[in-house]
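To start, the structure itself, in structure tokens.
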Amino acid sequence: MDKMMNSAKFFHTGVKVARGIFNAAAWICAVVAILVWFLPESAFWGGTESFTLGPVTIELVPDGMLAPIWVRAGAFESVLLAFIMLFFSCRALRILEQILRPMTLGQPFDGGVAPNLKKLAWLCLIGGGIYEIGGLAHQALVLHGRDLAQYFNSAVVKNITVEHELNMWFIAGFVLLMLMSHVFAYGQQLQQLSDETL
């Protein structure tokens, strides 16, 4: 029991520190996302344009491809997506902190653990869905502002096809966390029965 409590205290402290760092980073991202819209247009000219296709990165001359509005929109979208993910990570770390707190006191089957695991499961489902859909939106934004034919020799290339994939990892995380919440709820019932018989 002492080993479990010491481990829980270590992880509890680590989660608190990580939550503080993620919280600060989220605020920085929020400020940067707002500042992107107030920067002059000249800040978005003169950058080198690059485009990655798997292991291949194509780099163009400065001002070779994108208008500044597309660079501004892309920067805003990237920072906004980072802010959303940091926000969900902070929420997840707060819930994880609440799950670990009773374990630091030697009460792994406390009444709050199972409901917090369910909250974490829903956060995984919602946050994962937003992350994957945001990734698709980012790809669409990146590709929409570019004429892909200019990246290739149009005399040789017959067609350019872009395929988007939605990864469903967050559904598996949701199911696993919900299963764990039921296991902890059952453990809580067994603990209560054990306490009542004593």
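The values are calculated or read from the model by the stated rules, or taken from the named source; none is laboratory data. What you are looking at is a predicted structure, and each value in this text was computed from that prediction instead of being measured. Note that each Cβ is placed from the backbone with ideal geometry, even for glycine, and that neighbours are counted across all protein chains shown. Accessible surface is based on the protein model in full, side chains and every heavy atom, while ligands, DNA and RNA are left aside. Shrake-Rupley method; radii C 1.70, N 1.55, O 1.52, S 1.80 Å.
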Verdict on MET65 being buried (at least 18 other Cβ atoms within 10 Å of the Cβ), at pLDDT below 90, touching a His at 6+ places or on another chain (Cβ under 9 Å) and not polar (S, T, N, Q): no
Residue within segment 107-120 that is under 19 Å from TRP169 (Cβ atoms) and touching a Phe, Trp or Tyr at 6+ places or on another chain (Cβ under 7 Å) present: yes
Any hit, segment 68-84, residues being in contact with an Asp or Glu (Cβ under 6 Å, 6 or more places away or on another chain), open to solvent by less than 60 Å² (accessible area, probe 1.4 Å), more than 30 Å from ASP195 (Cα to Cα) and modelled with pLDDT under 80: yes
Single residue of segment 115-169 satisfying the filter (surrounded by fewer than 16 Cβ atoms within 10 Å (Cβ to Cβ) and at pLDDT 85 or above) that is nearest to ALA73 (Cα to Cα): ILE133
Members of segment 86-106 that are among the polar types (S, T, N, Q) and touching a Phe, Trp or Tyr at 6+ places or on another chain (Cβ under 8 Å): SER89
